[in-house]
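The values are calculated or read from the model by the stated rules, or taken from the named source; none is laboratory data. Only a predicted model underlies this, so the values are computations on that prediction, with no experimental measurement involved. For the accessible areas, the whole protein counts, side chains as well, though only heavy atoms, and no ligand, DNA or RNA atoms are used. Shrake-Rupley method; radii C 1.70, N 1.55, O 1.52, S 1.80 Å.
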Amino acid sequence: MVEISYQFAGGCAEKCSVIIMCTLFAGMGNLLKVLTREIENYPHFFLDFENAQPTEMERDVWNQVNSVLQDSESILLGLQAYKGAGQEIRDAIQNPNDFMQQERAWNSVCPLVIKLKKFYSFSLRLEEALQSLLECLTCPPFTPTQHLEREQALAKQFAEILHFTLRFDELKMRIPAIQNDFSYYRRTISRNRINNMNSEVNNEMANRMSLFYAEATPMLKTLSNATTNFVTENKTLPLENTTDCLSTMASVCKVMLETPEYSSRFSSEDTLLFCMRVMVGVIILYDHVHPNGAFNKSSKIDMKGCIKVLKDQPADNVEGLLNALKFTTKHLNDESTPKNIRTMLQ
């Protein structure tokens with residue numbers, strides 16, 4: 001028996017025992033294989049977020065998801081251009097008996113609520129797309145690493161969903177008018193103050209939208225729920241298939257960000273930020289789905305390394321991402337979270 005102590009990528013020191021039972025050359029071959037293999041926690045390969053194209057095997061699902069993603073930029077532009085009806089609402093509240101002011105506020109709010117309904121409806125389409133991708137990227141007999149290497153176009157779409165989600169939520173958090181406008185709309189339709197209202201958002205829809213917009217990060221909450229539901233509904237699929245898919249994606253993003261050999265292959269600096277958002281997105285999903293979360297010592301995600309990668313970037317680029325880890329994860333404040341991890345996120 002030959003015992004070898006060696007260091008894996010990511011700083012995970014391990015020992016392995018290699019029993020050489022064949023010829024010297026076969027033994028050397030096995031030894032080389034052990035010394036060079038990557039453990040599942042820290043896979044090393046390049047995920048082509050810029051140019052991956054679907055194979056025939058991926059095309060049906062890719063087309064289905066692409067029909068959703070092609071609307072994502074217009075959703076973000078619509079949110080970015082969102083101007084609230086704050087002044088009109090204030091005037092209406094201050095002049096409750098002035099019908100003209102009430103009508104003016106109502107006419108200002110209605111188009112905005114239709115926009116908000118469009119954003120909410122998009123979240124439902126995104127949820128469905130995510131579950132289709134999870135189904136493909138977790139199914140036996142392949143490991144998550146094999147799936148991500150073989151189906152790079154689907155992995156890229158998964159990444160694009162996460163990228164969109166974090167961008168949407170970052171924008172939404174800066175627009176308090178959304179909550180104010182929608183609250184006024186709900187109060188008005190419940191009191192039916194304006195006669196003969198033609199409301200495109202009925203009470204039932206308004207209730208669902210209210211729960212959505214009450215979240216600080218509504219799109220991320222939608223994806224977390226979608227991932228949790230995927231695990232719950234697919235009882236024959238081991239939980240590890242899903243959590244390993246997420247941890248592998250996080251590890252691949254971390255390695256690509258911290259390894260010049262990989263990051264230099266990106267043709268645009270925007271891809272670095274894309275990669276960071278994706279890494280944070282999968283960490284949050286993992287933290288919601290795995291019983292012990294992402295911060296536990298048993299986690300397959302190198303949280304210390306991931307946070308360090310973010311902190312090595314310009315502060316303006318990562319402040320929102322670090323806040324997402326602080327405020328939208330589930331297990332950060334668990335007793336099992338190492339103190340040094342919590343300190344890094346303070």
- Query: According to the Kirkwood expression over distinct Cα-Cα pairs, how big is the hydrodynamic radius of region 273-340, in Å?
  - Reply: 12.1
- Item | Shape parameters for region 106-210, alpha-carbon atoms, Rg then Dmax in Å | 19.1, 61
- Provide Rg over Rh for region 56-345; use the alpha carbon set for both Rg and the Kirkwood Rh (inverse mean inverse pair distance). 1.03
- Message: Binning at 5 angstrom from zero up to the longest distance, how are the C-alpha pair distances of region 168-295 distributed in percent?
- Response: 2, 9, 14, 14, 13, 12, 12, 9, 6, 4, 3, 1, 0, 0
- Message: Taking the solvent-accessible surface of protein heavy atoms with a 1.4 Å probe, what is the per residue accessible area of region 56-345 in Å²?
- Response: 48
- Task: Can you tell me how much longer the chain between Asp60 and Lys118 gets when fully stretched, taken as 0.36 nm per residue apart minus their C-alpha distance, in nm with one decimal?
- Result: 18.3 nm
